[in-house]
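Heads up: the structure comes next, in structure tokens.
No value in this document is a laboratory result; all are computed from the given coordinates. These figures come from a predicted structure and were not determined experimentally. All Cβ positions, glycine included, derive from the backbone under ideal geometry; neighbour counts span all protein chains shown.
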Amino acid sequence: MRRLAGAALGLGFSMLVAATVFAQSTRETRLLVTVVDQSNAVLPAATVTVTGLEDATRKATLSPVQTGSNGIAAIGGLIPGRYSIQAEFPGFDSGTLKDVRLRPGDNRHIIVLPIQKM
């Protein structure tokens, strides 16, 4: 009886570990970009463009997206790898994050846009 209980416990533990590893390996890669000005105020409707820098990431065609009322642009379904992220908003200089490495799960970044000089 002890052997049977020990085997069942071992099998249950093995299944739990396998499920955890599988869940971690299949998580979606998602990019969350917050666009703010120099005073840290969010910029709704800013345009965010993501460009792949590697062969695998260049193949993903990404259309520019706009930030929501909270100043955040959410871009899902990305391939892990290296990207360049650019944000633009009227009246501000554009901002770029060069060579950003995305990993599975949520990748949060902030881009600060300076006011254009006259």
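Among G105, L62, A87, pick out the residue whose Cα is farthest towards the positive end of the charge dipole of region 28-113, where Lys and Arg carry +1 and Asp and Glu carry -1 on C-beta, about the Cα centre. The one lying farthest along the dipole's positive direction is G105.
Taking the number of Cβ atoms within 10 Å of each Cβ as an exposure proxy, the fewest-first ranking of V33, V50, V65 is V65, V50, V33. To the nearest 0.05, how large is the calculated FRET efficiency for A60 and I110 if R₀ is 22 Å and r is the Cβ-Cβ distance? Once rounded, the FRET efficiency stands at 0.45.
Could you tell me whether region 28-113 comes out rounded, prolate or oblate from its Cα gyration tensor? Rule is a ≥ b ≥ c as square roots of the eigenvalues, rounded for a/c under 1.5, then prolate if a/b exceeds b/c, otherwise oblate.
Details: a/c = 2.02, a/b = 1.74, b/c = 1.16.
Prolate is the answer for region 28-113, as a/c is 1.5 or above and a/b outweighs b/c.
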